[in-house]
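Asker: Below you will find the structure I want to go over with you.
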Amino acid sequence: MPEVYQAPRHGFRTFFIVWLTQSVSSFGSGITFFAVTYYLANTLYAAPNQRPELALALTAISLAVGVPIIFGAPLAGAWADRHDRKRTMIAMDFTNGLIDLSLILLLATHSLQFWMLMILLGVQAIAVAFHGASFDTSYAMLVPDEQLPRANGMMQMVFSLSGILSPALAALLISLPALAPVGSWLHTFRDGTPIAVGIDALTFFIAALVPLWLTIPSPQRADRDATGKIQASIWDDVRFGATYIWRRRPMLWLLGTFTVANFVGGVGILNTLMLKFNLAHDWLTHGFTLASALAALGMVGSLGGVLGGAAVSAWGGLKRSRIRGVLIPMIFASVAGIAFGLSPFFYLTLVIEFVSVAMIPFMNAHSQAIWQSQVPRAQQGRVFSIRRLIAQFTGPLSTLIFGLLGGFYNPAAIYVVVGVFWLLFVISQFFNRTLWRVEDREWIERGAVAHGEVLAEST
């Protein structure tokens, strides 16, 4: 039977407050990432002959941030289903704030070394994984099912808006010592990198404090003994998330669809090559440089993400047959990918990029709403974490593959081939009867029993 759950009376208001504080924290994290990149390029590896070291350092930093978040997700999700989610969010935000303070101290005393930076960012990424598992599974505890696409659209909007605002704010903060009057206390800093990280620390502490005054319920698991102890081990919980998805084939198909989408998204690594070798003749005639053309493409894409997220939030998304809200935007995005490869004009490419990125909040918001509505709230941490691991691991893999292919083949041709593949795949999913049952909870659960599940845990 479908899960019966009544969201708190003022649940959406609580979600909005948490969303607002976490949005500010997201901007702060974007500022820190920009500041760290600047520090590597301008301080640690500033010499022209250190370009190989800088490239290696930037790659290592990306891995230090990305790998713990992706591969730590199963453990973080199991933790979220075993412990109070609000307390976990508070603890992880507070931990990240303390890590930022340590980073500020090392920067201010000019004692930060690369290995220290790797450790700090790695630990911070682990905290982000645990925070994200608890935060993502708290939406459905606060927001009614019919409002889930709106809530998810708000989150999608924040991610894109951070991509626009954070670099600009970081650049301003980094330049503050140079802009300050002579003799100002700001001149004690080599640059404003510690100030930028300090803003991030402040946002983490605010995000940790605000929930103290809010009610964010955690679901109660049914598999507790008489003393209240959970009978399953945390590793049993990790395995539970994987078997839950495997035995529910419509959910597995939905996950597979996004796994393909994330793999296709790796083709974006070719954007720089597209601009440099396929579109240079056009953007040069309009007075752009390669740097300004890249910046324009990135900003237009981020703007598409912001407006797409805002549109989903204002609309509220589909209330029924939400799989249409996943597949139809994918159709538009795949066609845009083909057009991106075929476009000979820079301004047309900008429009295509806007449309392509604007589709992402629509497909993500509806997919997330399906998972939040179908998976029991007491199981979402374990299930969502496995879902995240499977869906996102293809991203780094495809980036590597397409990056290598871009060195040997025309990037425009790769874009077209990948776009056609994605378009055909998405069209085929319109005829996938199993996928279209993804919102039929009773049918899915009967299938799970048929695939070997004896007893489904309930809230």
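Asker: May I ask you to verify whether GLY163 is under 21 Å from the mean Cα position of the chain (by Cα) and modelled with pLDDT under 80? Please lay out each step first, then the result.
Answerer: Working: under 21 Å from the mean Cα position of the chain (by Cα): yes; modelled with pLDDT under 80: yes.
So GLY163 fits the description; yes.
Asker: Scan the range 322-345 for residues that are farther than 30 Å from GLN374 by Cβ and crowded, with 21+ Cβ neighbours inside 10 Å and report the count.
Answerer: Residues of the range 322-345 that are farther than 30 Å from GLN374 by Cβ, as a first pass: 338-345.
Add one more test, that the residue is crowded, with 21+ Cβ neighbours inside 10 Å, and what stays is 340-341, 343.
Counting residues in the range 322-345 that are farther than 30 Å from GLN374 by Cβ and crowded, with 21+ Cβ neighbours inside 10 Å gives 3.
Asker: Is it fair to say PHE27 is closer than 30 Å to ILE444 by Cβ, in contact with a helix residue (DSSP H, G or I) (Cβ under 8 Å, 6 or more places away or on another chain), at pLDDT 80 or above and not acidic (Asp, Glu)? Steps first, answer last, please.
Answerer: Working: closer than 30 Å to ILE444 by Cβ: no; in contact with a helix residue (DSSP H, G or I) (Cβ under 8 Å, 6 or more places away or on another chain): yes; at pLDDT 80 or above: yes; not acidic (Asp, Glu): yes.
When the stated conditions are applied, PHE27 does not pass them.
Asker: To continue, here is another question. Considering each of VAL238, VAL260, VAL264 in turn, give the residue that is in contact with a Pro (Cβ under 8 Å, 6 or more places away or on another chain) and of a type in the set (Val, Ile, Thr). Break it down stepwise before answering.
Answerer: Values: VAL260 fails: in contact with a Pro (Cβ under 8 Å, 6 or more places away or on another chain); VAL264 fails: in contact with a Pro (Cβ under 8 Å, 6 or more places away or on another chain).
Residue meeting the stated conditions: VAL238.
Asker: Within the range 155-168, can one find any residue that is within 19 Å of PRO211 (Cβ to Cβ) and surrounded by 19 or more Cβ atoms within 10 Å (Cβ to Cβ)? Don't jump to the end; show me each part of the working.
Answerer: So the first thing to find is which residues in the range 155-168 are within 19 Å of PRO211 (Cβ to Cβ), and the list is 155, 158.
Then keep just the ones that are surrounded by 19 or more Cβ atoms within 10 Å (Cβ to Cβ); that gives 155, 158.
Yes, the range 155-168 has at least one match.
Asker: Check whether at least one residue in the range 305-319 is in a helix (DSSP H, G or I), out of contact with any His (no Cβ under 7 Å at 6 or more places or on another chain), assigned by TED's automatic domain parsing to the domain that holds LEU423 and over 19 Å from ALA151 (Cβ atoms), and report yes or no.
Answerer: Going residue by residue through the range 305-319, those that are in a helix (DSSP H, G or I) are 305-315.
Checking which are out of contact with any His (no Cβ under 7 Å at 6 or more places or on another chain) leaves us with 305-315.
Restricting the remaining residues to those that are assigned by TED's automatic domain parsing to the domain that holds LEU423 gives 305-315.
From the residues that got through so far, the ones that are over 19 Å from ALA151 (Cβ atoms) too are none.
No, there is no match, as no residue in the range 305-319 is in a helix (DSSP H, G or I), out of contact with any His (no Cβ under 7 Å at 6 or more places or on another chain), assigned by TED's automatic domain parsing to the domain that holds LEU423 and over 19 Å from ALA151 (Cβ atoms).
Asker: Moving on to the next point. Take the conditions modelled with pLDDT of 90 or more, part of a helix (DSSP H, G or I), under 15 Å from the mean Cα position of the chain (by Cα) and of a type outside the set (Asp, Glu) and apply them to VAL357. Does it pass? Before you say what the answer is, go through the steps one by one.
Answerer: Values: modelled with pLDDT of 90 or more: yes; part of a helix (DSSP H, G or I): yes; under 15 Å from the mean Cα position of the chain (by Cα): yes; of a type outside the set (Asp, Glu): yes.
So VAL357 passes the test.
Asker: State yes or no: is THR203 assigned by TED's automatic domain parsing to the domain that holds GLN392 and among the β-branched types (Val, Ile, Thr)?
Answerer: In short, no.
Asker: A further question on this structure: State all residues of the range 224-279 that are among the hydroxyl-bearing types (Ser, Thr, Tyr) and closer than 30 Å to VAL420 by Cβ; if no residue qualifies, say none. Explain how you work it out, then say what you get.
Answerer: Of the residues in the range 224-279, the ones among the hydroxyl-bearing types (Ser, Thr, Tyr) are 227, 233, 243-244, 257, 259, 272.
Across the range 224-279, the qualifying residues are THR257, THR259, THR272.
Asker: To continue, here is another question. For the range 363-401, enumerate the residues that are crowded, with 20+ Cβ neighbours inside 10 Å and not in a helix (DSSP H, G or I).
Answerer: Once the filter is applied, which keeps residues that are crowded, with 20+ Cβ neighbours inside 10 Å and not in a helix (DSSP H, G or I), the range 363-401 yields VAL375, PRO376.
Asker: Can you say whether ALA46 is of a type in the set (Gly, Ala, Ser), outside any helix (DSSP H, G or I) and more than 28 Å from PHE393 (Cβ to Cβ), as far as the supplied structure shows? Steps first, please.
Answerer: Working: of a type in the set (Gly, Ala, Ser): yes; outside any helix (DSSP H, G or I): yes; more than 28 Å from PHE393 (Cβ to Cβ): yes.
For ALA46, the condition - of a type in the set (Gly, Ala, Ser), outside any helix (DSSP H, G or I) and more than 28 Å from PHE393 (Cβ to Cβ) - is met.
Asker: Let me ask something additional. Looking at ARG377 and the list (1) under 27 Å from ALA78 (Cα atoms); (2) of a type in the set (D, E, K, R); (3) at pLDDT 90 or above, which single condition is not satisfied?
Answerer: (3)
Asker: State all residues of the range 402-419 that are part of a helix (DSSP H, G or I) and among the aromatic types (Phe, Trp, Tyr); if no residue qualifies, say none. Step through it out loud before you land on a result.
Answerer: Initially, the range 402-419 is screened for residues part of a helix (DSSP H, G or I), giving 402-406, 411-419.
PHE402, TYR415 - these are the residues of the range 402-419 that are part of a helix (DSSP H, G or I) and among the aromatic types (Phe, Trp, Tyr).
Asker: Looking at TRP422 and the list (1) within 25 Å of the chain's Cα centre (by Cα); (2) part of a loop (DSSP other than H, G, I, E, B); (3) aromatic (Phe, Trp, Tyr), which single condition is not satisfied?
Answerer: (2)
Asker: Report, by residue number, each residue of the range 417-450 that is of a type in the set (D, E, K, R) and touching a Gly at 6+ places or on another chain (Cβ under 7 Å). Let's see the steps before the verdict.
Answerer: Pass one, the range 417-450, residues of a type in the set (D, E, K, R): 433, 437, 439-442, 445-446.
None; the set is empty.
Asker: Of PHE240, PHE258, which residue is under 23 Å from the mean Cα position of the chain (by Cα) and farther than 21 Å from ILE352 by Cβ?
Answerer: On the way: PHE240 fails: under 23 Å from the mean Cα position of the chain (by Cα).
None of the others qualify; the one that does is PHE258.
Asker: Answer yes or no as to whether THR259 is under 28 Å from GLN156 (Cβ atoms), surrounded by 15 or more Cβ atoms within 10 Å (Cβ to Cβ), of a type in the set (Ser, Thr, Tyr) and modelled with pLDDT of 85 or more.
Answerer: On the way: under 28 Å from GLN156 (Cβ atoms): yes; surrounded by 15 or more Cβ atoms within 10 Å (Cβ to Cβ): yes; of a type in the set (Ser, Thr, Tyr): yes; modelled with pLDDT of 85 or more: yes.
Against the criterion (under 28 Å from GLN156 (Cβ atoms), surrounded by 15 or more Cβ atoms within 10 Å (Cβ to Cβ), of a type in the set (Ser, Thr, Tyr) and modelled with pLDDT of 85 or more), THR259 qualifies.
Asker: Collect the residues in the range 261-293 that are among the small types (Gly, Ala, Ser), more than 26 Å from PHE332 (Cβ to Cβ) and part of a helix (DSSP H, G or I), keeping them in residue-number order. Spell out the reasoning first.
Answerer: Residues of the range 261-293 that are among the small types (Gly, Ala, Ser), as a first pass: 261, 265-266, 268, 280, 287, 291-293.
Add one more test, that the residue is more than 26 Å from PHE332 (Cβ to Cβ), and what stays is 280, 287, 291-292.
Scanning the range 261-293 gives ALA280, ALA291, SER292.
Asker: Next question, about the same structure. Could you check the range 97-123 and list, in sequence order, the residues that are in contact with a Ser or Thr (Cβ under 8 Å, 6 or more places away or on another chain) and not aliphatic (A, V, I, L, M)?
Answerer: ASP100
Asker: Taking the criterion of being surrounded by fewer than 21 Cβ atoms within 10 Å (Cβ to Cβ), under 18 Å from the mean Cα position of the chain (by Cα) and either at pLDDT 80 or above or part of a loop (DSSP other than H, G, I, E, B) (or both), would at least one residue in the range 79-94 satisfy it?
Answerer: no
Asker: Here's a follow-up. Determine, yes or no, whether GLY256 is in contact (Cβ under 8 Å) with a residue 24 or more places away in the chain, assigned to a helix (DSSP H, G or I) and of a type outside the set (Val, Ile, Thr).
Answerer: Considered against the rule, which asks whether it is in contact (Cβ under 8 Å) with a residue 24 or more places away in the chain, assigned to a helix (DSSP H, G or I) and of a type outside the set (Val, Ile, Thr), GLY256 comes out as no.
The values are calculated or read from the model by the stated rules, or taken from the named source; none is laboratory data. Small disclaimer: the values here were computed from a predicted structure and weren't measured. Every residue, glycine among them, receives a Cβ derived from its backbone with ideal geometry; neighbour counts consider all protein chains shown.
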